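As structure tokens, the structure follows; a few thoughts come after it.
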Amino acid sequence: MYYKRAAHLTNYISCIFSSDACDILTDSSWSDAQMHCQRNYIDLATIDEQTDLDEMMRVIRQFHNGDVWTGLSRTDGNAPWVWSDQSPSTFMPSWADGQPNNRGGTQLCAGTSLTGTFNDADCYMQYAAVCYNSDKFNLD
């Protein structure tokens, strides 16, 4: 079952996939998206396995046509990629050709395109973002 809020009223799109709920926040920097997700849900999306990514992408494609922030980031260009919620997930997504490239030495956040491949990007970029709540779906 999927729910879509009126985008012109709230600028959010909400959905449920698998056993978790998600909230798609539009046009935010990575840190603003993380703050929103941590305040209202659990965190930015953490992907534990390919089936999670496939299902998330299937839902996102129904409601959004562009890049989407996930919870994947790093502290500097040489640091490992980690999930925002500090989960022990070892899943690493498929990167788009030539990615991650850390262009300019400042691309420390990761998003996904509609193809489901990941790309590193400057964290100030304005993308939609996926939040999750594993306990229940909340239409606040």
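Key figures for this structure:
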read-out	value
Selected residue (criterion: modelled with the highest pLDDT) from residues of segment 1-52 that are more than 17 Å from Gly66 (Cα to Cα) and among the aromatic types (Phe, Trp, Tyr)	Tyr41
Some residue of segment 98-108 being surrounded by fewer than 14 Cβ atoms within 10 Å (Cβ to Cβ), part of a loop (DSSP other than H, G, I, E, B), without any contact (Cβ under 8 Å) to a residue 40 or more places away in the chain and out of contact with any Asp or Glu (no Cβ under 7 Å at 6 or more places or on another chain)	yes
Residue match in segment 56-73 (condition: out of contact with any Phe, Trp or Tyr (no Cβ under 7 Å at 6 or more places or on another chain), farther than 14 Å from Gly116 by Cβ and aromatic (Phe, Trp, Tyr))	yes
Matching residues, segment 118-140, being at pLDDT 95 or above and assigned to a loop (DSSP other than H, G, I, E, B)	Asp122, Cys123, Tyr124, Met125
Criterion: more than 14 Å from the chain's Cα centre (by Cα) and not hydroxyl-bearing (Ser, Thr, Tyr) - qualifying residue of Pro100, Pro93	Pro100
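Conditions tested, residue by residue: (1) surrounded by fewer than 18 Cβ atoms within 10 Å (Cβ to Cβ); (2) out of contact with any helix residue (DSSP H, G or I) (no Cβ under 9 Å at 6 or more places or on another chain); (3) among the β-branched types (Val, Ile, Thr); (4) free of Cβ contacts under 8 Å to residues at least 12 places away in the same chain.
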| position | (1), (2), (3), (4) |
| --- | --- |
| Leu44 | no, no, no, no |
| Asp48 | yes, yes, no, no |
| Glu55 | yes, yes, no, no |
| Val59 | no, yes, yes, no |
| Leu72 | no, yes, no, no |
| Pro88 | yes, yes, no, yes |
| Asp122 | yes, no, no, no |
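For (1) within 16 Å of Tyr132 (Cα to Cα); (2) of a type outside the set (Gly, Ala, Ser); (3) touching an Asp or Glu at 6+ places or on another chain (Cβ under 8 Å); (4) outside any loop (DSSP other than H, G, I, E, B), each residue gets a yes or a no:
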site	(1), (2), (3), (4)
Gln34	yes, yes, yes, yes
Ile47	yes, yes, no, no
Asp54	yes, yes, no, yes
Asn65	no, yes, no, no
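The values are calculated or read from the model by the stated rules, or taken from the named source; none is laboratory data. Just so it is clear, the structure is predicted and the values come from calculations on it, not from any experiment. Note that each Cβ is placed from the backbone with ideal geometry, even for glycine, and that neighbours are counted across all protein chains shown.
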